[in-house]
Amino acid sequence: MADCHRDERPSVSRMRGRWLEIGVPAAEIDRTEEFDLRWGGLALPPLPMDLYEGGPLCLKADLPEQDDRGEWYFGAGDAATACDMCFEISPTDEFGIRRGDRFHPVHASVAGWIEAVALSYFAAAAATRITQLTGAEVDQVSLDGHTPIRETAGIADTWWRRGDQLVALYDGESRCFNIPEWRTAIIYDGVPSVAPILAR
């Protein structure tokens, strides 16, 4: 993904002492540091069609916070534009979005999110035809004979392949805001069999 770059930024490790003082468990700080070492500063191009308002402007770990059930989440990066949701990492390292007191997992890992962004650009550049469906139209999409693209680690958002066709299903924002009309399917026809696997 040529438009991806890594920005210089201070490590979250400098906050460890302060976070311990305010009661953040050491194990949760370890998780944010691991995220920061691997992904911190990575700036991805925005998702197409303003999905997720483009996604995080830059991946970076933020202060771990406890929810009402006692589980710890931490921020994954500020949104590229002002929006009524934030990007977070769950206690089981899922990448997702939060609105109010509810977290909605989108991919089972940060790597899955990155793979999906890379794949969206690869597919758009390689496809001979692109079809977009929204809302109830998404129910028309048949995945018979398709296999999931496991590298995207899809939960609410999933990618599928059959022959030279790729299908991306986006349901994260729809679930988060409880607006079924926001469900989106993008069908890419004529895509070569080799796709980028970048999140290593």
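Out of all the residues in the stretch 93-103, is one or more within 12 Å of the chain's Cα centre (by Cα), acidic (D, E) and surrounded by fewer than 20 Cβ atoms within 10 Å (Cβ to Cβ)? Yes - at least one qualifying residue is present in the stretch 93-103. Contact map, the stretch 23-41: first residue surrounded by fewer than 13 Cβ atoms within 10 Å (Cβ to Cβ), second residue modelled with pLDDT of 95 or more, Cβ cut-off under 7 Å, separation 6 or more or different chains; pairs are A26/L20.
All conditions in (1) more than 18 Å from L51 (Cα to Cα); (2) not assigned by TED's automatic domain parsing to the domain that holds Q66 hold for D101, with the sole exception of (2). Candidates L59, L44: the one that is within 17 Å of the chain's Cα centre (by Cα), within 19 Å of R99 (Cα to Cα), surrounded by 14 or more Cβ atoms within 10 Å (Cβ to Cβ) and among the aliphatic types (A, V, I, L, M) is L59. Of all the residues in the stretch 12-22, those that are among the hydroxyl-bearing types (S, T, Y) and surrounded by 16 or more Cβ atoms within 10 Å (Cβ to Cβ) number 0. Take D50 and tell me if it is of a type in the set (D, E), at pLDDT below 90, surrounded by fewer than 17 Cβ atoms within 10 Å (Cβ to Cβ) and out of contact with any Asp or Glu (no Cβ under 9 Å at 6 or more places or on another chain). For D50, the condition - of a type in the set (D, E), at pLDDT below 90, surrounded by fewer than 17 Cβ atoms within 10 Å (Cβ to Cβ) and out of contact with any Asp or Glu (no Cβ under 9 Å at 6 or more places or on another chain) - is met. What are the residues in the stretch 139-154 that are in contact with a His (Cβ under 9 Å, 6 or more places away or on another chain) and closer than 12 Å to A168 by Cα, if any? Residues satisfying the conditions are T152, G154.
The values are calculated or read from the model by the stated rules, or taken from the named source; none is laboratory data. Keep in mind that what you see is a predicted model, and the values were worked out from it rather than measured. In this analysis, Cβ positions are derived from the backbone assuming ideal geometry, glycine residues included, and neighbour counts consider all displayed protein chains.
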